[in-house]
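These notes concern the structure reproduced below.
The values are calculated or read from the model by the stated rules, or taken from the named source; none is laboratory data. Quick caveat, the model's predicted, so the values are computed rather than measured. Backbone-built Cβ (ideal geometry, glycine too); neighbour counts: all protein chains shown. Keep in mind that these areas ignore ligands, DNA and RNA; they rest on the heavy atoms of the full protein, side chains included. Shrake-Rupley method; radii C 1.70, N 1.55, O 1.52, S 1.80 Å.
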Amino acid sequence: MSTSLLYHAFGIRGYRYTRTDYQGGQVIFTIHQERENCRCSACGSTHVVSRGQVERRFRALPIGSRATFVALPIPRVECRTCGAVRQVEVSFADSRRSYTSSFERYALELGRRMTIRDVAVHLGVGWDLIKDIQKRDLSRRFAKPKLKHLRHIAIDEIAIAKGHRYLTIVMDLETGAVVFVGDGKGADALKPFWKRLRPSGAKIAAVAMDMSAAYRRAVATNLPKAKIVFDRFHVVKLFNDKLSDLRRALHREATDVLHKEVLKGTRWLLLKNPENLDAAKDEKRRLEEALALNKPLATAYYMKEELRQFWEQPGKRFATLFLDSWIRRAGASGIKMLHQMAATLAAYRSGLLAYYEVMITSGPMEGTNNKIKTMKRQAYGFRDREFFKLKILAIHETRYVLVG
Ligand SMILES: [Zn+2]
């Protein structure tokens, strides 16, 4: 090792090489700073007098699988210009950290290919140290996304733990980027978003969301000019939930064993789009058999399939006729579940039709939600909630391995 190798290979300049020690498989380079190069870290003055030194050791780039450290006695100086007594600055590390800046960059680089756990094992450090390095980097780049350009957004909540713990996610529908992650759900969760949005000058034209009253009121209050689009995805999901409830109720009430058995196997078939029914598994026939036995279930099922065509209409006029006809027929069906659905869609009619003015859906949000669920399973969401939220803000970037 030499002063010039330290500079060229380890990025450490402005110090003199002293010696190398080998301790328990580790390599330790000791370096020192010439007193004449010392400056006051408060005002930058070179008029300083020595006041001792503080021994520090920084983890540096490994040599192969061998951990390497840089040991440096950091001079303490008293400044003749401003009077401060403090350690001089270290050029190759943040003096609050236990590793060099090049070690940090290397760990970040590895994180683009490896999980946090793999990076930690490879570098012989703890999981938390690598996580903290990634967290600071994510924080620098993603903690405060620019909001000025926002035009179309989607708002949705995602359950992150049992016991009804939620996060509220705001997505830029034009770029697919998550621009806000709030704690909890409902209007309160969005408050910090409005606070940041106001000074940004963004002109949000439309918001896609589910039919929850809380988000609707919050958006109406904070973005009075924005169009609210009740989202296709959420309408179908609500319908599917109700259809499952109906199937369960029918199954409970069925007295005939065969009838019960037929219903039992149809849970997933009812929720599938008909074009996705698997011919090899005879799914179409099984579904039809169950529907033939259950008039109310069949009616509800076909009404659901028909409702999907609402989003395939050639324009708002056709869509209006279609929706009103659907609501009327569902209301006259004599099936309680369809009555409820008709009432809900009637209440949200203008937000459903708004789709024909701004054709947005929360579709892109679904892919993101699936990625969040994958991260959630890795459990670090609970070890460090802020880190979890930053990972969500960075989710559209493939810069880091998502899990681990
Ligand atoms: Zn000074």
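Those helices (runs of 4 or more DSSP H) of the range 319-386 in which 3 or more residues are open to solvent by 40 Å² or more (accessible area, probe 1.4 Å), among the basic types (Lys, Arg) and out of contact with any Lys or Arg (no Cβ under 7 Å at 6 or more places or on another chain) occupy 363-377.
Selection of the range 117-132 for residues being open to solvent by 50 Å² or more (accessible area, probe 1.4 Å) and part of a loop (DSSP other than H, G, I, E, B) yields only GLY124.
Filtered by the rule that a residue be basic (Lys, Arg) and either at pLDDT 85 or above or under 10 Å from the mean Cα position of the chain (by Cα) (or both), the range 386-404 gives LYS389, LYS391. Residues of the range 78-100 that are polar (S, T, N, Q) and open to solvent by 40 Å² or more (accessible area, probe 1.4 Å): THR81, GLN87, SER91, SER95, SER98. Of all residues in the range 19-41, those that are free of Cβ contacts under 8 Å to residues at least 40 places away in the same chain and open to solvent by 70 Å² or more (accessible area, probe 1.4 Å) total 6.
The residues of the range 301-318 that are out of contact with any Ser or Thr (no Cβ under 9 Å at 6 or more places or on another chain) and open to solvent by 30 Å² or more (accessible area, probe 1.4 Å), listed by number, are TYR302, GLU306, ARG308, GLN309, GLU312, PRO314, LYS316, ARG317, PHE318. Within the range 293-319, if we keep just the residues that are polar (S, T, N, Q) and in contact with a helix residue (DSSP H, G or I) (Cβ under 6 Å, 6 or more places away or on another chain), the residue that is nearest to LEU345 (Cα to Cα) turns out to be GLN313.
Out of the residues in the range 1-16 meeting the condition of being over 18 Å from GLU89 (Cα atoms) and more than 43 Å from the chain's Cα centre (by Cα), tell me which one is modelled with the lowest pLDDT. Here the residue is MET1.
Residue count for the range 279-300, restricted to those that are in a loop (DSSP other than H, G, I, E, B) and either open to solvent by less than 50 Å² (accessible area, probe 1.4 Å) or in contact with an Asp or Glu (Cβ under 6 Å, 6 or more places away or on another chain) (or both): 1.
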